[in-house]
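**Q** I am attaching a structure below and will ask some questions about it afterwards.
The values are calculated or read from the model by the stated rules, or taken from the named source; none is laboratory data. These figures come from a predicted structure and were not determined experimentally. Using ideal geometry, Cβ is built from the backbone for each residue, glycine included, and neighbour counts are taken over all protein chains shown.
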Amino acid sequence: MNKKIQLLSILFLGISSVAFSQIKEEKLVLNKKREPEVKKIEKKKTSVETIKNYPPEEKSQNPVKYSITDVPAVSDFKTSTIQGEDVAPKFEGTAQNNYVQFGMGNYGKILLDGNVSKTLENKFEVGADVHLLSTSGLKKDYDWKSKQTSATIGAFLNSYGEKGKFNINAEYGLNNYNYYGIYALQPSGDVDLKQKVNQFKVNGYYDFYSNEILNDVRVKSSFLKDHFDAQENQVSILANLSKHAVELGKSGINLNADLGVGLEAVKTDFEIGNKNSSNFFNTSLVPKVTFRKGESYLTLGSSFSFLNAKNSNIQMEQMKNNKTYWFPQAEFQVAAAKEFKFYGGVDGGLKLNTYGDLLQANPYIISDQYLKPTETKYHFYVGLRGDIDETLKYDFSAGFGKMKDIMFFKANTLFDNVYTLNRSAYDFANTFTAVYDDGNVSDIKGSVQYFPLENLMIDGEVRFTKYNLKNFENIYNVPLLNASIGAKYTMLDKKLLLGFKGIFASDRTTNSYAIEGVGGPNMIFQSTENTNDKVGGYADLNLSAEYKIHKNFSIFALGNNLLSSKYQTYKGYKVLGAQILGGVKITF
């Protein structure tokens with residue numbers, strides 16, 4: 001075993017040194033979230049089910065934690081220049097809440113990241129969280145500015161009582177960037193392409209330790225404004241009512257009954273273009289019952305949504321729509337053994353597409369969107385998952401669904417055909433608009449985690465998604481295949497942590513425009529659309545290393561996009577080439 005560890009250590013160090021020595025230029029991806037999220041399966045038997053009736057002291061390190069309901073099929077890596085998941089693995093079990101780290105790299109990259117918290121009397125914990133990342137952009141590729149800066153500043157409060165825990169957090173987020181993806185025109189270098197988004201969030205969460213009647217309550221609110229005076233206000237409230245672990249005679253079957261009650265309101269107003277305005281109010285009810293015996297179970301339920309929607313713009317009067325939706329909710333699992341668990345089910349739902357959500361998916365959309373909810377009428381799926389001797393964990397599934405108003409992004413042409421380059425930041429065929437279509441979706445996804453050694457973890461994810469649309473021949477800017485592979489390895493008595501993350505995507509179809517000047521004395525711009533253009537796929541390889549010089553002091557290095565491929569995320573938007581960033585981290 002020791003020889004295997006030594007060989008793997010030499011291999012990882014060799015790869016790291018070669019990759020870092022060949023770096024010429026590029027990109028960091030770091031993304032911190034105060035909001036809790038479902039994580040991947042872990043190497044623990046207890047990850048199958050979260051037991052809520054435990055002493056509050058045991059929750060102090062995880063003030064808000066969700067039970068595991070699914071294994072993500074693909075990475076949430078965002079392929080824009082400075083947005084994405086943190087590809088640097090963390091020291092497990094030895095991490096401290098109080099830390100600050102600072103780093104610098106090529107492309108003028110600056111990183112500042114910190115988290116501070118303190119426990120007061122009566123089990124109150126207060127804290128603050130700061131994150132800043134900036135880059136000077138692709139100066140050698142574009143004459144105009146492509147620099148970007150993102151920052152979040154947050155504060156949080158946790159309280160642990162006798163019956164439950166309470167969490168509230170507030171966060172201000174800033175994303176300051178440019179619409180730099182111009183491919184059909186050649187403006188001067190001093191052109192104004194600025195976009196800036198400010199967003200303030202306040203979230204509250206109360207979780208009762210028992211599952212008796214009122215399980216938990218969540219409140220979320222968001223206030224967004226951008227450089228072009230678009231405004232969006234959003235608030236949602238979700239309460240979960242439940243009665244769990246009701247024994248049905250001596251059969252060994254337990255009954256869980258749940259009822260989710262939700263309210264969500266969104267108001268969005270735009271001030272340019274068609275000046276779209278939308279107002280949504282959605283009420284949802286999700287009743288379900290679960291019959292469980294051991295690790296086998298059957299869940300039966302429904303989802304109801306009652307939507308009130310209003311849309312208007314300068315070209316049409318206000319349109320009102322009141323509609324009630326019903327969606328099936330059912331799932332079963334047959335656990336032949338812990339190694340083989342066959343499952344399947346059907347679900348559906350209504351998703352409100354907000355301006356804030358669209359910006360997360362594509363920050364280069366124009367600040368004028370016609371917003372509609374996406375309806376998943378039904379989605380059937382079957383799969384197999386298991387845990388083989390706590391060494392190999394896997395989850396594979398396939399599904400088919402029918403959807404209405406599937407949202408995706410279509411490239412815009414010029415909004416003003418006057419023959420001049422003195423135009424608005426979004427008027428260079430460099431922005432996108434959300435479009436909608438009905439259709440079917442087929443998907444195959446899989447996730448694997450492998451633990452060959454105590455200090456080595458390897459994981460892989462893949463997702464194949466195929467859309468068959470009613471009106472569009474192809475779905476734009478959505479890859480057919482996404483995949484990732486990662487590894488995390490600790491050595492030197494857990495003082496050195498090495499990481500690898502590879503992220504892959506296939507070609508995507510998009511539309512694009514060729515623009516030329518036509519006419520006599522009063523020339524105008526004329527555009528020709530290509531509805532079957534291609535944005536190439538990519539392989540983005542990342543390495544990381546962190547070494548603990550002292551229990552409170554460590555140095556780190558990150559290498560991103562080491563193949564130095566300036567692939568495009570959307571037509572015209574190249575990402576940075578190979579990058580390296582180094583820095584220090586202090587914990588206290």
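**Q** Checking the conditions here, which among 298, 307, 285 is crowded, with 16+ Cβ neighbours inside 10 Å, among the hydrophobic types (A, V, I, L, M, F, W, C) and closer than 23 Å to residue 236 by Cα?
**A** None of the other options fit; the residue is 307.
**Q** Enumerate the pairs (first residue in region 99-124 and touching a residue at least 40 places away in the same chain (Cβ under 8 Å) and of a type outside the set (S, T, N, Q); second residue anywhere and assigned to a loop (DSSP other than H, G, I, E, B) and surrounded by 14 or more Cβ atoms within 10 Å (Cβ to Cβ)) with beta-carbon separation below 6 Å, excluding pairs fewer than 6 apart on the same chain, so at least 6 apart or on different chains.
**A** If the second residue must be assigned to a loop (DSSP other than H, G, I, E, B) and surrounded by 14 or more Cβ atoms within 10 Å (Cβ to Cβ), the pairs left are 107/136; 107/576; 109/28.
This table checks each residue for (1) closer than 21 Å to residue 565 by Cβ; (2) among the hydroxyl-bearing types (Ser, Thr, Tyr).
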| residue | (1), (2) |
| --- | --- |
| 465 | no, yes |
| 471 | no, no |
| 474 | no, no |
| 480 | yes, no |
| 485 | yes, no |
| 494 | no, no |
| 498 | no, no |
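**Q** Report yes if residue 485 is part of a strand (DSSP E or B), at pLDDT 95 or above and either within 20 Å of the chain's Cα centre (by Cα) or surrounded by 14 or more Cβ atoms within 10 Å (Cβ to Cβ) (or both), otherwise no.
**A** So residue 485 passes the test.
**Q** Going by what's in this entry, would residue 520 be described as modelled with pLDDT under 95, surrounded by fewer than 21 Cβ atoms within 10 Å (Cβ to Cβ) and touching a Lys or Arg at 6+ places or on another chain (Cβ under 9 Å)?
**A** no
**Q** Now for a separate question. Given the residues 461, 473, which is the only one that is buried (at least 16 other Cβ atoms within 10 Å of the Cβ) and either within 21 Å of residue 530 (Cβ to Cβ) or modelled with pLDDT of 95 or more (or both)?
**A** Only one candidate passes the filter, namely 461.
**Q** Sort out which residues of region 355-392 are within 23 Å of the chain's Cα centre (by Cα) and among the basic types (Lys, Arg), and write them in order of number.
**A** 372
**Q** Only one residue in 478, 441 is part of a strand (DSSP E or B) and closer than 30 Å to residue 369 by Cα. Which one?
**A** So the residue among 478, 441 that is part of a strand (DSSP E or B) and closer than 30 Å to residue 369 by Cα is 441.
**Q** Report, by residue number, each residue of region 533-565 that is charged (D, E, K, R) and buried (at least 19 other Cβ atoms within 10 Å of the Cβ).
**A** Once the filter is applied, which keeps residues that are charged (D, E, K, R) and buried (at least 19 other Cβ atoms within 10 Å of the Cβ), region 533-565 yields 540, 546, 548.
**Q** If we scan region 378-385, do we find a residue that is within 22 Å of residue 469 (Cα to Cα), small (Gly, Ala, Ser) and surrounded by 18 or more Cβ atoms within 10 Å (Cβ to Cβ)?
**A** Within region 378-385 (the criterion being within 22 Å of residue 469 (Cα to Cα), small (Gly, Ala, Ser) and surrounded by 18 or more Cβ atoms within 10 Å (Cβ to Cβ)), the answer is no, since none of the residues qualifies.
**Q** Now a separate question. Test each condition in (1) touching a residue at least 60 places away in the same chain (Cβ under 8 Å); (2) under 23 Å from the mean Cα position of the chain (by Cα) for residue 418 and report the one that comes out false.
**A** Going through (1) touching a residue at least 60 places away in the same chain (Cβ under 8 Å); (2) under 23 Å from the mean Cα position of the chain (by Cα) one by one, residue 418 breaks only (2).
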